[in-house]
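Accompanying notes for the structure given below.
The values are calculated or read from the model by the stated rules, or taken from the named source; none is laboratory data. Quick caveat, the model's predicted, so the values are computed rather than measured. Glycine also receives a Cβ, built like all others from the backbone with ideal geometry; neighbour counts cover every protein chain displayed. All accessible areas refer to the heavy atoms of the entire protein, side chains included, with ligands and DNA or RNA removed. Shrake-Rupley method; radii C 1.70, N 1.55, O 1.52, S 1.80 Å.
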Amino acid sequence: MFPLTEENKHVARLLLNTGTCPRCIFRFCGVDFHAPYKLPYEELLNELWKFLETEKDELILEVTNPPPKKIRLQELEDRIDNLNQNGEGRLSVIEDGSIASKNSNLYVCNVCLGILQEFCEKDFIKKVCQKVEASGFEFTNLVFSVSFPPQLLVREHAAWLLVKQEMGKQSLSLGRNDIVQLKEAYKWITHPLFSEELGVPIDGKSLFEVSVVFAHPETVEDCHFLGAICPDCFKPAKNKQSVFTRMAVMKALNKIKEEDFHKQFPCPPNSPKAVCTVLEIECAHGAVFVAGRYNKYSRSLPQTPWIIDGERKLESSVEELISDHLLTVFKAESFNFSSSGREDVDVRTLGNGRPFAIELVNPHRVHFTSQEIKELQQKINKSSNKIQVRDLQLVTREAIGHMKEGEEEKTKTYSALIWTNKAIQKKDIEFLNDIKDLKIDQKTPLRVLHRRPLAVRTRVIHFMETHYVDAHHFRLYLKTQAGTYIKEFVHGDFGRTKPNIGSLMNMTADILELDVESVDVDWPPALDD
Amino acid sequence: WIPSPKPLSRGVPSLVDRYFTRWYKADVKGKPCEDHCILQHSNRICVITLAGSHPVLQSGKTIKSISYQISTNCSRLQNKVSGKFKRGAQFLTELAPLCKIYCSDGEEYTISSCVRGRLMEVNENILHKPSILQEKPSTEGYIAVVLPKFEESKSITEGLLTQKQYEEIVVKRINATTATS
């Protein structure tokens with residue numbers, strides 16, 4: 001069913017004569033259901049010509065052509081030859097009188113620059129889908145994002161002014177909002193084609209994004225007059241190459257007066273020589289998150305790679321030992337490792353381990369069964385005795401919040417091997433067992449002062465338990481508030497942590513070994529292994 | 001004061017020896033034996049302390065009081081730093097005074113920064129209990145903490161003496177005194 005009615009004829013004829021494609025004509029006539037747009041281009045063009053012919057009105061293809069006559073096949077051919085000679089298009093007539101094109105290249109629409117001509121049809125979509133399939137991503141749905149050159153907004157505006165004027169003559173009441181947006185129509189047509197070709201639904205919430213960017217170098221300067229008239233809309237932004245962004249152009253078009261616009265830009269827009277070019281077809285998958293808990297058994301392993309002046313100071317790191325395997329299996333581009341606090345190079349993490357989460361950026365593979373994750377965990381654990389992981393699982397981005405909450409709010413327990421300068425006996429350390437919820441003030445330790453603000457932090461040592469070793473050594477178990485610097489609590493950090501073990505015992509104390517015994521965060525959920 | 005090897009009774013080096021390198025400046029501002037020891041952390045932070053040979057640390061000296069008011073308009077106690085980049089800190093040159101130490105025998109000693117950089121903090125513990133300065137000059141009795149500019153972190157030690165060079169100077173002094181006595 002052809003979607004245009006009698007009252008659309010004047011506008012449709014005007015637009016077709018000035019070089020606008022059928023689908024754009026539908027848009028400016030307010031055709032807001034999908035079906036008409038999905039018909040093949042040639043069919044639409046034929047139907048449109050038939051529709052416009054029924055009143056036996058003249059059909060003018062090209063304004064500069066000889067006076068209008070009733071179109072018959074031969075005349076049509078002459079007209080088309082004329083157009084071809086002017087380089088206006090690559091039209092040709094086939095036997096049944098319908099217009100066909102070489103390589104589907106008819107005249108280039110002066111409004112959409114080919115977007116709603118060849119770029120929404122099956123052949124192009126197939127080309128995009130081939131690229132998507134070649135990219136090696138695993139996906140069960142996709143979101144399609146498309147970017148058009150900003151000068152389309154200017155042409156759309158010009159076409160609107162033209163249509164508005166024409167409708168004014170007929171007192172038609174189509175408002176700006178009744179005009180169907182270019183991108184909307186484009187998606188109506190292309191989404192089903194994508195779904196069919198790739199076999200998956202389009203879902204706006206999908207993590208897998210296929211993005212196509214169009215450009216039209218020939219008309220790049222179409223926007224520039226706006227820069228002169230509304231200079232305050234166009235501020236040079238740091239990351240953008242051109243100051244004529246879609247947003248800025250929109251803003252300027254909303255501001256500019258009709259008369260000023262008409263002075264600067266042809267209404268109707270002129271016909272371009274070529275269609276848009278495809279600047280890029282890219283695929284990307286949103287990040288996925290893997291969480292777990294890690295134990296650290298080495299006293300010479302940093303959390304993150306330790307590199308100074310391009311030279312690696314210590315081999316490997318906690319994050320690499322865990323993430324490298326994940327990077328491979330998920331076929332991701334890169335990772336971001338974060339954990340609920342961290343320990344020094346020379347500190348072990350025992351007990352249930354420390355919660356961590358890894359963001360895998362642009363993963364090509366995302367679907368794993370829990371069995372596969374278990375095997376991945378075993379693989380990591382077999383590959384190193386410096387670290388071990390448990391409770392490895394896929395989590396959502398929101399879940400990461402639980403872990404960071406743990407860093408600031410949850411308690412930790414430690415065990416430390418302490419040296420004293422004076423000789424001690426069992427009874428000399430017993431008093432420490434009785435101290436509960438000891439408040440200490442810690443100035444930012446000197447060893448981190450170069451990268452942290454200078455401040456005093458009050459922290460609580462909830463309880464302590466001592467185990468005598470010999471005249472100069474004892475083990476201290478302690479449970480503390482999150483964010484407590486344990487080493488500084490033992491040796492006092494030049495007296496900048498008060499009180500400290502040394503001051504409590506009235507002697508000089510130092511810490512020889514430190515282990516994290518537990519990180520009291522109940523996330524991620526424990527899995528039965 | 002005669003330099004002696006550091007005790008390793010614990011089998012591991014001390015806190016200072018683990019994290020810091022000791023640098024020295026002798027006869028600061030031309031005053032004989034007023035030696036300073038700068039503890040430079042591996043992260044480039046410097047702790048200004050008195051060297052063992054400084055008169056204040058010799059037996060028999062009693063400290064009456066310590067003051068951080070180094071001029072009418074400047075008190076090191078008013079130093080305030082904020083943020084990761086330590087804005088607002090008083091900037092120190094090598095000869096900038098940090099504090100004045102008044103002894104019961106009437107002697108007055110000025111302690112200088114010896115390194116260029118931002119003043120992080122001065123030690124308020126020695127204000128309340130000056131004896132800490134003499135009991136633990138290398139740790140609890142420190143004078144001040146200074147953060148040199150990142151670009152200057154290596155060059156600040158160019159004008160300073162290594163532990164070895166300092167010990168040689170001290171030995172020379174002792175020999176000179178014994179020779180003349």
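Tallying residues that are within 14 Å of chain B (Cβ to nearest Cβ), assigned to a loop (DSSP other than H, G, I, E, B) and not β-branched (Val, Ile, Thr) within the stretch A:496-523 yields 5.
Residues in the stretch B:136-171 that are of a type in the set (D, E, K, R) and within 11 Å of another protein chain (Cβ to nearest Cβ): B:LYS136, B:GLU140.
I'd like to know if the stretch A:500-519 contains one or more residues that are surrounded by 22 or more Cβ atoms within 10 Å (Cβ to Cβ), over 16 Å from A:ILE435 (Cα atoms) and within 42 Å of the chain's Cα centre (by Cα). Scanning the stretch A:500-519 turns up at least one residue that is surrounded by 22 or more Cβ atoms within 10 Å (Cβ to Cβ), over 16 Å from A:ILE435 (Cα atoms) and within 42 Å of the chain's Cα centre (by Cα).
Assessment of the stretch B:89-107 against the conditions (surrounded by 19 or more Cβ atoms within 10 Å (Cβ to Cβ) and touching a residue at least 60 places away in the same chain (Cβ under 8 Å)) yields no matching residue.
In this structure, does A:TRP160 turn out to be part of a helix (DSSP H, G or I), touching a helix residue (DSSP H, G or I) at 6+ places or on another chain (Cβ under 6 Å) and either within 23 Å of A:ASP32 (Cα to Cα) or not small (Gly, Ala, Ser) (or both)? No. Apart from one condition, A:VAL460 fits all of (1) modelled with pLDDT of 95 or more; (2) under 26 Å from A:SER298 (Cβ atoms); the exception is (2).
To keep it simple, each residue is scored yes or no on (1) at pLDDT 95 or above; (2) touching a Phe, Trp or Tyr at 6+ places or on another chain (Cβ under 9 Å); (3) open to solvent by 30 Å² or more (accessible area, probe 1.4 Å); (4) of a type in the set (Asp, Glu).
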residue	(1), (2), (3), (4)
B:VAL122	yes, yes, no, no
B:HIS128	no, no, yes, no
B:LEU133	yes, yes, no, no
B:TYR142	yes, yes, no, no
B:VAL145	yes, yes, no, no
B:PRO148	no, no, no, no
B:GLU152	no, no, yes, yes
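Being part of a strand (DSSP E or B), open to solvent by less than 70 Å² (accessible area, probe 1.4 Å) and not hydrophobic (A, V, I, L, M, F, W, C): is that true of A:ASP493 here? In short, no.
Filtering the stretch A:123-154 to residues that are in contact with a helix residue (DSSP H, G or I) (Cβ under 7 Å, 6 or more places away or on another chain), open to solvent by less than 40 Å² (accessible area, probe 1.4 Å) and not hydrophobic (A, V, I, L, M, F, W, C) leaves A:PRO150, A:GLN151. Annotation: of all residues in the stretch A:326-344 being touching a strand residue (DSSP E or B) at 6+ places or on another chain (Cβ under 7 Å) and more than 18 Å from A:GLY292 (Cα to Cα), the one that is least open to solvent (accessible area, probe 1.4 Å) is A:ALA332.
When the stretch A:495-529 is examined, which residues are found to be in contact (Cβ under 8 Å) with a residue 12 or more places away in the chain and of a type in the set (D, E, K, R)? Once the filter is applied, which keeps residues that are in contact (Cβ under 8 Å) with a residue 12 or more places away in the chain and of a type in the set (D, E, K, R), the stretch A:495-529 yields A:ARG496, A:LYS498, A:ASP510, A:GLU513, A:ASP515, A:GLU517, A:ASP520, A:ASP529.
Counting residues in the stretch A:205-226 that are over 19 Å from the mean Cα position of the chain (by Cα), of a type in the set (Val, Ile, Thr) and closer than 30 Å to A:LEU360 by Cα gives zero. Residues that are part of a loop (DSSP other than H, G, I, E, B), facing chain A (nearest Cβ under 10 Å), of a type in the set (D, E, K, R) and open to solvent by 20 Å² or more (accessible area, probe 1.4 Å) do occur in the stretch B:63-86, at least one of them.
Among the residues of the stretch A:455-476, the one identified as touching a residue at least 60 places away in the same chain (Cβ under 8 Å) and either within 14 Å of another protein chain (Cβ to nearest Cβ) or open to solvent by less than 60 Å² (accessible area, probe 1.4 Å) (or both) is A:LEU476. Taking the stated definitions as given, is B:GLY60 open to solvent by 20 Å² or more (accessible area, probe 1.4 Å), of a type outside the set (Phe, Trp, Tyr) and out of contact with any strand residue (DSSP E or B) (no Cβ under 9 Å at 6 or more places or on another chain)? So B:GLY60 fits the description; yes.
Would you mind stating whether B:TYR102 is outside any helix (DSSP H, G or I), aromatic (Phe, Trp, Tyr) and within 12 Å of another protein chain (Cβ to nearest Cβ)? So B:TYR102 does not fit the description; no. Of note, A:ILE189 does not satisfy the criterion of being of a type in the set (A, V, I, L, M) and closer than 30 Å to A:LYS331 by Cβ.
Restricting attention to the stretch B:87-99, the residues that are part of a loop (DSSP other than H, G, I, E, B) and either in contact with a helix residue (DSSP H, G or I) (Cβ under 8 Å, 6 or more places away or on another chain) or within 25 Å of B:ARG22 (Cβ to Cβ) (or both) add up to 6.
The listed residues are A:LEU432, A:LEU446, and the only one of them that is closer than 27 Å to B:VAL12 by Cα and in contact (Cβ under 8 Å) with a residue 60 or more places away in the chain turns out to be A:LEU432.
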